[in-house]
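One structure below.
The values are calculated or read from the model by the stated rules, or taken from the named source; none is laboratory data. Everything numeric here is computed off the predicted structure, so don't read it as measured data. Heads up, the Cβs are rebuilt from the backbone with ideal geometry, glycines too, and the neighbour counts pull from every protein chain shown. Surface accessibility is based on the protein's heavy atoms, side chains included, excluding ligands, DNA and RNA. Shrake-Rupley method; radii C 1.70, N 1.55, O 1.52, S 1.80 Å.
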Amino acid sequence: MFSRIALVLSFQVFLCTLKFQPSEAQSWFKIGYWYYGSESPISDINSALYTHLICAFADVNTSSFELSVSSSNEHHFSTFTNTLKLKNPSITTLLSIGGYQNWTSIQSMITNVSSRKPFIQSSIRMARLYGFQGLDLFWTSIQTSSDADNLGQLFQEWRAAAKSEAETNSTLQELILTAVVRASPDLYPLESIKSNLNWIHVNAYDYHTPWKQNFTGAPSALYDPEGFIT
């Protein structure tokens, strides 16, 4: 479904670089995360330096499985895109979901379709409400083959919903869908990632085992949806 993509090491808050490799052309993406708990105001970000910026993090409600943001932080999310576009009208913004505090809720959410559906619907609704052009899932506590299967189903259902939403309203561009993953390819539903996500962010730091096992011994960790690069 998507063009061939390779991702270079991504760090939360700090700049990362993405090399996008469609068959007809090559270009570089410069991507960063901004965390709402950061002391740096959104207005201070030099958005001209980036092609994509990601606002982190929206939460997953533990009972309804819908996305939520606290009332005290809602203004960060609602103003993020418009503030950045004042300096760089071509910037693409994404809303990141989860982070390090929301893993249990996300694991519960992915377990069955009845909990995935409100997550998917609310994530698309929130992205549109705040003017984001894409969504990013930050959940790296995958442990079992069952987790992988459920995550693959989520990605498939998420993409189908995003596609349907854009087809229903022809004025909307289909949302970008991305995810943060650990640098352990055997843990992940690679076929679903290749078919349903635009790219992934490889969480390739804080590893202490050999590079050939974790793909983290070099300054950059590359991912190709046709298979992890070795």
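Of note:
- On full extension, the segment bounded by Leu49 and Tyr35 gains 3.3 nm, given 0.36 nm per residue less the C-alpha separation.
- For the range 157-208, the share of accessible area belonging to carbon and sulfur comes to 49 percent (1.4 Å probe, ligands and nucleic acids excluded).
- Projected label points at Tyr100 and Trp28, each 7 Å from Cα along the beta carbon direction, are separated by 2.9 nanometres.
- For the set Thr178, Thr62, the ranking by accessible area, highest first and with no ligand, DNA or RNA atoms included, is Thr62, Thr178 under a 1.4 Å probe.
- Largest to smallest accessible area among Arg125, Arg182, Arg116 [probe 1.4 Å]: Arg125, Arg182, Arg116
- Exposure check, 1.4 Å probe, all protein chains in place: Ser192 carries approximately 20 Å² of accessible surface.
- The gain in end-to-end length when the Thr111 to Arg128 segment is fully stretched comes to 3.6 nm, 0.36 nm per residue minus the alpha carbon separation.
- Length available on full extension from Glu174 to Thr144: 0.36 nm per residue minus the Cα-Cα distance, which gives 7.7 nm.
- Among Lys85, Lys117, the order of accessible area from largest down is Lys117, Lys85, computed with a 1.4 Å probe on protein heavy atoms.
- Of the solvent-accessible surface of the range 32-148, computed with a 1.4 Å probe and all protein chains present, 51% belongs to carbon and sulfur.
- On the beta carbon distance between Ser63 and Asp186, with R0 = 41 Å, the FRET formula returns roughly 0.80.
- Probe 1.4 Å, accessible area per residue of the range 74-152, Å²: 41
- Computed accessible area, Glu167, all protein chains, 1.4 angstrom probe, square angstrom: 130
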